[in-house]
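Data block below; observations after.
The values are calculated or read from the model by the stated rules, or taken from the named source; none is laboratory data. Note that the structure is a prediction, hence the values are computed from the model and not measured. Heads up: the accessible areas ignore ligands, DNA and RNA and are worked out on the full protein's heavy atoms, side chains in. Shrake-Rupley method; radii C 1.70, N 1.55, O 1.52, S 1.80 Å.
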Amino acid sequence: MKNHAPGHRETKHANLRTAALLILVDFVFCVFSFLLKAVMFPLRALFSIGLFLVLLKLRLLRASGAKQPGAAQRIGGGTFVTSDGTRCAWRAGEAGEAVKVRVNCERQGGVNKTRCEYLGRPRSCPGYNSDPKAFWKQVARAFKKMRDKVCADGRALVKAGMCKHAPRDANLRLDRNSVKRSTAAPTTPPVQPTSATCVKRADQRKTAEEFCSSWASVCAFFMSMLQSEDC
């Protein structure tokens with residue numbers, strides 16, 4: 001016997017209500033189109049009614065589209081830190097019977113970035129159907145426990161304790177083809193002027209005083225413009 005979660009039944013009922021409202025809007029729109037051809041209503045009234053129907057339908061379509069089985073919905077998520085200080089964030093999305101978990105990891109400063117995906121079918125686990133929130137809390141603990149193996153070990157499964165006796169595909173498995181790594185070159189700090197450069201600048205001032213006499217400050221200024229380093 002299939003175990004249907006209360007949330008699944010509520011989603012099904014909400015989809016039925018949305019579908020009924022869409023049918024009703026389409027019917028009213030057809031009636032409006034008929035009246036537009038048969039009876040000459042004032043232009044402003046026709047425009048207002050038509051605009052209202054269009055906006056209402058768009059809103060219903062947006063609401064129903066967020067609950068369609070083909071659209072992935074966020075159903076869980078969390079963060080963890082690896083032993084080398086890399087911060088990772090994961091987000092689970094459900095599309096039909098399958099679940100896809102996207103993981104993004106970034107080293108401080110954005111030097112190393114890694115992303116990957118985990119796939120699973122937790123609906124085959126009775127515990128998930130009865131309490132999905134508890135399932136994702138256990139998944140969050142599993143990610144923190146295997147933090148250094150995330151996006152690296154394809155054999156390691158992300159397991160929830162409540163699904164210990166469920167089919168193997170109820171657990172989350174790494175999709176090896178989804179692993180992407182990028183490394184950016186660290187930024188080098190600007191080179192600070194050496195003491196030798198500052199000594200050279202002092203020699204230029206001394207030379208300007210010897211050869212330019214009263215124009216020493218002007219000579220020193222032009223000589224400093226030719227010198228690119230700053231002390």
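So the values come out like this:
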| quantity | calculated |
| --- | --- |
| Cross-link pairs beyond the 23 Å C-alpha cut-off, checked among LYS113/LYS164; LYS137/LYS159; LYS137/LYS180; LYS113/LYS133 | LYS113/LYS164; LYS137/LYS180; LYS113/LYS133 |
| GLY77 long-range amide H proximity, modeled H, under 5 Å | ALA92 |
| Extension gain, ILE49 back to ASP131 (0.36 nm per residue minus Cα-Cα distance, nm) | 25.0 nm |
| Residue-by-residue Karplus 3J(HN,Hα) for segment 17-28, coefficients 6.51, -1.76, 1.60, Hz, glycine and proline x | 5, 5, 5, 5, 5, 5, 4, 5, 5, 4, 5, 5 |
| Heavy atoms of PHE52 accessible to a 1.4 Å probe, total area in Å² rounded to 10 | 130 Å² |
| Stretchable slack from THR79 to LEU56, in nm (0.36 nm times residue separation minus alpha-carbon distance) | 4.4 nm |
